[in-house]
Amino acid sequence: MINRIMANVDVKLGIKHILERVEQAYSKRSPDIRNAKPSLVAVSKTKPIEMIVDAYSAGQRHFGENYVKELWEKSTSELINAQCPDICWHFIGHLQSSSVNKLLKVPRLDMVETLDSIKLANELNKKWGNVSPNKPLKVLVQVNTSQEEAKSGIEPSAVTDLYRHITENCKHLLPKGVMTIGKFGYDYSLGPNPDFVCLLDCHKNVCDTFNLSPEDVHISMGMSDDFEQAIEMGSTIVRVGSSIFGYRPKKIDGADA
Ligand SMILES: *Cc1c(COP(=O)(O)O)cnc(C)c1O
């Protein structure tokens, strides 16, 4: 099954096409948005490591996964170790306290994009301090911009408090910006995506409150269906999966996000 799917997907070409679309969307961004240039995180969840190697050989370095066990298995596999020495892993899934230990042992873990509580910040901080006392772990604060109860992420109004907590009390964590998943299937004929508008607002609050320059604070928003709109609005990290690696059957329990 996997081989048949892989045969139909040219991952190298996929990366090339997405990077072209990223550039094009970036060229349409208004010059008065001073946010950083967008970078691409290739979301490889549920896909075989051979496809990651293909994307890597096309120059892709940042990869996102959202299940700790899967990330652990892929990141410690012989193939990835041999072929992808400079890979950078982003954890983009919902993080439970019970899986923090395993996550922090992932080799070349670059960023946790889904930090959404003080409790989790304290736990990550303490444990990362044991794993890597001299190099803080980059984190993004995940915001529940759609205010849906089932979604993870912190309330928009609490973002600066969490940011302050990380800055002042978590010396092993390096806060790098904000992230949202947002509602699926937004109809862009209705105007700018309200999830993106909300995250931009959080970004502005963080920059204003801590006197940070906008280009130094990441905004992770945009997936296969809407990364171009996100980039035009100011996104600095887009997380793209199915447009690169092909169709991915949805999980029945909705844990896909
Ligand atoms: C799966 C996932 C993506 C990628 O979604 P695609 O629609 O396949 O591009 C991005 N971000 C998060 C948090 C995800 O879980």
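Residue-wise test of (1) touching a strand residue (DSSP E or B) at 6+ places or on another chain (Cβ under 7 Å); (2) among the aliphatic types (A, V, I, L, M); (3) surrounded by fewer than 17 Cβ atoms within 10 Å (Cβ to Cβ); (4) more than 22 Å from ILE18 (Cβ to Cβ).
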site: TYR56; (1), (2), (3), (4): no, no, no, no
site: GLU65; (1), (2), (3), (4): yes, no, no, no
site: ILE80; (1), (2), (3), (4): no, yes, no, no
site: GLY93; (1), (2), (3), (4): yes, no, no, no
> Inside region 13-69, can you point out the residues that are basic (Lys, Arg), more than 16 Å from the ligand (Cβ to nearest atom) and free of Cβ contacts under 8 Å to residues at least 40 places away in the same chain?
Replying inline: ARG61
> Do you know which residues across region 168-197 are surrounded by fewer than 19 Cβ atoms within 10 Å (Cβ to Cβ), of a type in the set (A, V, I, L, M, F, W, C) and under 20 Å from ASP116 (Cβ atoms)?
Replying inline: LEU174, PHE184, VAL197
>> Quick check on my filter: what residues within region 214-229 are out of contact with any Cys (no Cβ under 7 Å at 6 or more places or on another chain) and farther than 14 Å from GLU113 by Cβ?
In response: GLU215, ASP216, SER224, ASP225, ASP226, PHE227, GLU228, GLN229
>> If I filter region 212-250 down to residues being outside any strand (DSSP E or B), polar (S, T, N, Q) and more than 8 Å from the ligand (Cβ to nearest atom), which single residue comes out as farthest from the chain's Cα centre (by Cα)?
In response: SER213
>> Condition first: away from the ligand (no atom under 16 Å from the Cβ) and either closer than 14 Å to GLY222 by Cβ or aromatic (Phe, Trp, Tyr) (or both). Now tell me which residues in region 176-193 satisfy that.
In response: PRO192
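Can you tell me which of LYS176, LYS171, LYS204 is closer than 29 Å to ARG21 by Cα and in contact (Cβ under 8 Å) with a residue 24 or more places away in the chain?
Values: LYS171 fails: closer than 29 Å to ARG21 by Cα; LYS204 fails: in contact (Cβ under 8 Å) with a residue 24 or more places away in the chain.
Answer to the selection: LYS176.
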> Which condition number does VAL217 fail, the rest of (1) touching a Ser or Thr at 6+ places or on another chain (Cβ under 8 Å); (2) buried (at least 17 other Cβ atoms within 10 Å of the Cβ) being met?
Replying inline: (1)
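Laboratory data are not the source of any read-out in this text; all were calculated from the coordinates shown. Given the structure is predicted, the values throughout are model-derived calculations rather than measurements. Methodologically, a virtual Cβ is constructed for each residue, glycine included, from the backbone with ideal geometry; neighbour enumeration extends over all protein chains shown.
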